[in-house]
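What follows is a single structure, written as structure tokens, with notes after it.
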Amino acid sequence: MPLLSVRDLKMFYQVERGFVKAVNDVTFDLNRGEALGIAGESGCGKSSLALTILRILPPNARIMGGSILLEGQDLLKMNEEILRKEVRWKRISIVFQGAMNALNPVFKVGDQIAEAILLHENISKDEALDRARELLKLVGISPSRADNYPHEFSGGMRQRVMIAMALACNPDIVIADEPTTALDVIVQAQILKLLKDLRSKLNLSLILITHDLSIISEICDKVAIMYAGKIVEYGSTHEIFKNPLHPYTQGLISAIPSIRGPKRQLQSIPGTPPDLLNPPPGCPFHPRCPYADSTCKSEIPPVISLGRSRYVMCHKIEEVNER
Amino acid sequence: MNKTLIRVENLKKWFPLKRGFFASLFGSEVYVRAVDGISFNIYEGEIFGLAGESGSGKTTTGRLILRLIEPTEGKIYFEDTDITNLKSKELKPYRRRMQIIFQDPYESLNPRMTVYDIITEPLRVHKIGEGEEERLELAYKILESVQLIPPEEFLYRFPHELSGGQRQRVAIARALILRPKFIVADEPISMLDMSIRAEILNLMLNLKKEYGLTYLYITHDLATARYICDRIAIMYLGKIVELGSMDSVLENPLHPYTRALLAAVPVPDPDIKIGEIPIKGEIPSPINIPSGCRFHPRCPYAKEICRSKEPELKEIEYQHFVACHLYSNGR
């Protein structure tokens with residue numbers, strides 16, 4: 001049984017003009033110790049998906065259906081109080097985008113980590129502080145710096161503190177939402193290496209949300225490509241990068257430059273991502289797709305399963321990939 | 001291609017640090033040495049990349065060249081004319097020929113102006129075009145050049161009605177309408193979505209051909225620099241540490257910092273992983289610049305001389321310069 005299994009999940013935001021269909025029929029599995037990358041452009045619903053899994057949504061969010069099974073137990077049916085005490089942070093935690101700016105400037109870093117522990121575990125403050133120091137060591141910061149304030153740390157180190165905080169209660173799953181976006185490339189490489197090390201050391205499962213496919217190829221085993229609230233292609237990192245099947249995935253991969261390998265002409269995807277308030281009928285990618293025909297304009301494509309952990313949502317899969 | 005369009009000599013920009021009243025009475029002035037003595041040429045028709053991490057001084061360099069800020073020291077030449085000390089009136093004809101594209105198209109366009117007003121404002125400033133009709137014609141043409149087609153559909157829209165990629169095209173159109181020779185593109189794609197970045201890069205390459213442009217491309221992203229640059233300079237804490245053709249810097253990086261930077265770039269291929277990053281820590285503050293070679297506290301090869309003497313930028317291979325004592329024995 002997978003550790004986390006998301007089935008047909010739908011979460012819409014209610015706004016004056018209707019519903020923003022941010023997460024629209026999302027299905028995927030995450031095994032223990034596995035790293036899943038969720039890739040997509042801004043506004044495709046990838047961050048909303050993370051918020052939905054933890055049920056930390058704004059008041060206008062409506063979960064319209066589906067299930068989120070954590071070892072068989074549906075988080076969507078769980079009482080909020082139990083979810084807060086037993087699941088959030090203890091089983092699943094999150095490192096937010098730009099998280100390094102989320103530390104409170106007037107508290108010592110060690111105290112802030114200890115606070116997260118004390119909220120979930122029945123231990124004394126001293127024990128929690130000891131734990132905080134251990135966590136700092138785990139993420140590569142000298143434990144003596146627990147008494148420092150956030151402004152005494154660099155951006156990369158603050159990001160490490162946020163990762164330490166996410167690990168405070170020994171979760172099974174850490175969701176990292178754009179964990180390296182604001183960081184310089186060398187610091188980014190250091191943080192990616194830390195995530196990799198922690199994963200193998202603690203047998204963590206990781207959900208990495210990013211727009212940068214290079215980062216996913218660096219640390220993830222599986223990839224879900226999201227477009228307009230849907231996962232349009234899902235598979236192992238190797239398959240997705242070496243043999244992408246969906247026209248959108250193909251477009252994304254041929255749009256990114258690489259520092260290695262032969263230099264090639266970059267292709268862009270014409271048009272812009274759709275408005276999720278009124279997504280196009282049929283396949284949401286059809287207005288930008290070179291293969292689209294009348295079926296694509298009217299019918300939502302079926303999920304075509306190709307083996308145990310690979311699927312793609314496309315009407316024209318054979319035509320696209322005949323080459 | 002060897003005609004020099006822009007030449008910069010020993011350019012410096014030190015920003016004075018604001019301090020308390022008493023601190024400023026006793027004790028000397030403290031400066032942020034954002035750009036600390038750099039020299040290079042940009043040839044006509046090339047794309048010259050300026051790469052480095054945040055705080056390396058690359059954006060400040062771009063602004064200095066355009067005279068948007070005043071240098072503390074050094075000289076800037078545009079086609080052999082020293083423009084360092086030109087007064088604003090004398091500078092105006094040069095301003096027309098040097099333009100900039102900013103990083104964030106969500107910030108750089110006035111939300112209350114229509115696309116037409118935005119792209120024709122430079123014409124009004126420089127008093128080009130007899131009346132609105134001629135300006136309208138120029139606006140049409142330029143929108144076609146940046147592929148906002150058909151132009152009439154975009155002319156009277158406001159920035160909020162456009163996507164990020166379209167906004168950046170408007171910003172490019174605004175820079176182009178004066179028919180400049182030289183454009184500083186300061187991280188022009190870093191705020192855009194992946195699928196749109198390639199489109200803007202390809203547009204910049206096409207416009208370069210169509211209008212005979214020269215670019216200074218400022219970036220932290222070496223993968224996109226590889227895609228469009230002919231030559232590149234790597235900056236660290238206000239200094240150029242390495243300069244050469246894009247290919248030679250990529251294939252044979254000389255400076256330990258350049259090597260670390262290149263090693264840290266993730267590759268969109270699951271078979272290639274980031275190796276060991278040979279350097280530790282993060283870029284220090286440009287207020288307390290280390291003595292000698294400013295990279296020495298992070299450098300795995302630092303020797304005694306690196307702590308005391310600042311290395312000069314020297315040509316080690318043909319047209320490939322590096323500022324590092326490792327190469328000081330004329331290798």
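Couple of notes before you dig in:
- Screening segment A:266-278 for residues that are within 19 Å of A:ARG17 (Cβ to Cβ) and crowded, with 19+ Cβ neighbours inside 10 Å and picking the one that is modelled with the highest pLDDT gives A:LEU276.
- The sole residue among A:LEU49, A:LEU9, A:LEU54 that is in contact (Cβ under 8 Å) with a residue 12 or more places away in the chain, over 13 Å from the mean Cα position of the chain (by Cα) and either surrounded by 18 or more Cβ atoms within 10 Å (Cβ to Cβ) or within 14 Å of another protein chain (Cβ to nearest Cβ) (or both) is A:LEU9.
- Of the helices (runs of 4 or more DSSP H) entirely within segment A:229-301, those holding at least 1 residues that are touching an Asp or Glu at 6+ places or on another chain (Cβ under 8 Å) occupy A:237-242, A:247-255.
- Comparison of A:ILE163, A:ILE175, A:ILE94 shows that the only residue that is assigned to a helix (DSSP H, G or I), touching a residue at least 40 places away in the same chain (Cβ under 8 Å) and not acidic (Asp, Glu) is A:ILE163.
- Yes/no for B:TYR215 being in contact with a helix residue (DSSP H, G or I) (Cβ under 6 Å, 6 or more places away or on another chain), crowded, with 20+ Cβ neighbours inside 10 Å, more than 30 Å from A:PRO274 (Cβ to Cβ) and of a type in the set (Ser, Thr, Tyr): no
- Residues within segment B:163-196 that are closer than 17 Å to B:ALA139 by Cα and outside any helix (DSSP H, G or I), tallied: 4
- Identity of the residue in segment B:151-202, hydroxyl-bearing (Ser, Thr, Tyr) and closer than 21 Å to A:GLY43 by Cβ, that ends up nearest to the chain's Cα centre (by Cα): B:SER190
- Of the residues A:HIS211, A:HIS246, the single one that is within 8 Å of chain B (Cβ to nearest Cβ) and in contact with a strand residue (DSSP E or B) (Cβ under 8 Å, 6 or more places away or on another chain) is A:HIS211.
- Here segment A:306-323 is the region considered, the condition is being more than 11 Å from A:LEU245 (Cβ to Cβ) and surrounded by 11 or more Cβ atoms within 10 Å (Cβ to Cβ), and the residue that is modelled with the highest pLDDT is A:HIS315.
- Residue within segment A:294-311 that is hydrophobic (A, V, I, L, M, F, W, C) and farther than 30 Å from A:GLU218 by Cβ present: yes
- Test: residue in segment B:239-262 that is surrounded by fewer than 21 Cβ atoms within 10 Å (Cβ to Cβ), under 17 Å from A:GLN188 (Cα atoms) and out of contact with any Asp or Glu (no Cβ under 7 Å at 6 or more places or on another chain): yes
- For segment A:122-152, a residue qualifies if it is within 26 Å of the chain's Cα centre (by Cα) and either touching a residue at least 40 places away in the same chain (Cβ under 8 Å) or within 14 Å of chain B (Cβ to nearest Cβ) (or both), and the qualifying residues are A:LEU138, A:VAL139, A:GLY140, A:ILE141, A:PRO150.
- A:ASN31 meets the stated requirement of being surrounded by fewer than 22 Cβ atoms within 10 Å (Cβ to Cβ) and closer than 19 Å to A:VAL223 by Cα.
- Residue count for segment A:250-259 under the criterion of being touching a residue at least 60 places away in the same chain (Cβ under 8 Å) and more than 7 Å from chain B (Cβ to nearest Cβ): the result is 1.
- Residue satisfying all of: in segment A:86-113; out of contact with any strand residue (DSSP E or B) (no Cβ under 9 Å at 6 or more places or on another chain) and β-branched (Val, Ile, Thr); nearest to A:ILE163 (Cα to Cα) among these: A:ILE113
- The condition of being at pLDDT below 95, out of contact with any Cys (no Cβ under 6 Å at 6 or more places or on another chain), within 23 Å of A:ILE259 (Cβ to Cβ) and of a type in the set (A, V, I, L, M, F, W, C) holds for only one of B:ILE289, B:ILE228, B:ILE272, B:ILE232, that being B:ILE272.
- Positions within segment B:64-87 being touching a residue at least 60 places away in the same chain (Cβ under 8 Å) and at negative phi, in sequence order: B:ILE65, B:LEU66, B:PRO71, B:THR72, B:GLU73, B:LYS75, B:ILE76, B:TYR77, B:PHE78
- Test result for B:SER54, over 22 Å from B:LEU201 (Cα atoms) and at pLDDT below 95: no
- Flag if A:ASN243 is polar (S, T, N, Q), surrounded by fewer than 21 Cβ atoms within 10 Å (Cβ to Cβ) and touching a residue at least 12 places away in the same chain (Cβ under 8 Å): no
- Contacts under 6 angstrom Cβ, first residue in segment A:260-274 being in contact (Cβ under 8 Å) with a residue 24 or more places away in the chain, partner in a loop (DSSP other than H, G, I, E, B), 6 or more apart: A:PRO273/A:GLU41; A:PRO273/A:GLY43; A:PRO274/A:ALA228; A:PRO274/A:PRO280; A:PRO274/A:PRO284
- Members of segment A:178-200 that are part of a helix (DSSP H, G or I), away from chain B (no Cβ under 11 Å) and not hydroxyl-bearing (Ser, Thr, Tyr): A:LEU194, A:LEU195, A:ASP197, A:LEU198, A:ARG199
- Qualifying residues in segment A:231-240 (those that are touching a Lys or Arg at 6+ places or on another chain (Cβ under 9 Å) and more than 7 Å from chain B (Cβ to nearest Cβ)) - the one surrounded by the fewest Cβ atoms within 10 Å (Cβ to Cβ): A:SER236
- The criterion of at least 2 residues that are within 30 Å of B:GLY165 (Cβ to Cβ) and within 14 Å of chain A (Cβ to nearest Cβ) is met, among strands (runs of 3 or more DSSP E) falling completely within segment B:203-318, by B:214-219, B:231-236.
- The listed residue being over 25 Å from A:LEU3 (Cβ atoms), modelled with pLDDT of 95 or more and part of a helix (DSSP H, G or I), out of A:ARG133, A:ARG145: A:ARG133
- The residue that is surrounded by the fewest Cβ atoms within 10 Å (Cβ to Cβ), counting only those in segment B:116-149 that are closer than 21 Å to B:LEU201 by Cα and without any contact (Cβ under 8 Å) to a residue 60 or more places away in the chain, is B:ILE149.
- The residue pairs whose first member lies in segment A:64-83 and is loosely packed, with under 12 Cβ neighbours inside 10 Å, whose second member is of a type in the set (Gly, Ala, Ser), and whose beta carbons are closer than 9 Å, counting only pairs six or more residues apart or on different chains, are A:GLY72/A:SER5; A:LYS77/A:SER67.
The values are calculated or read from the model by the stated rules, or taken from the named source; none is laboratory data. Since the model is a prediction, treat every value here as computed from it, not as a measurement. No Cβ is skipped: glycine too gets one built from the backbone with ideal geometry, and neighbour counts run over all protein chains shown.
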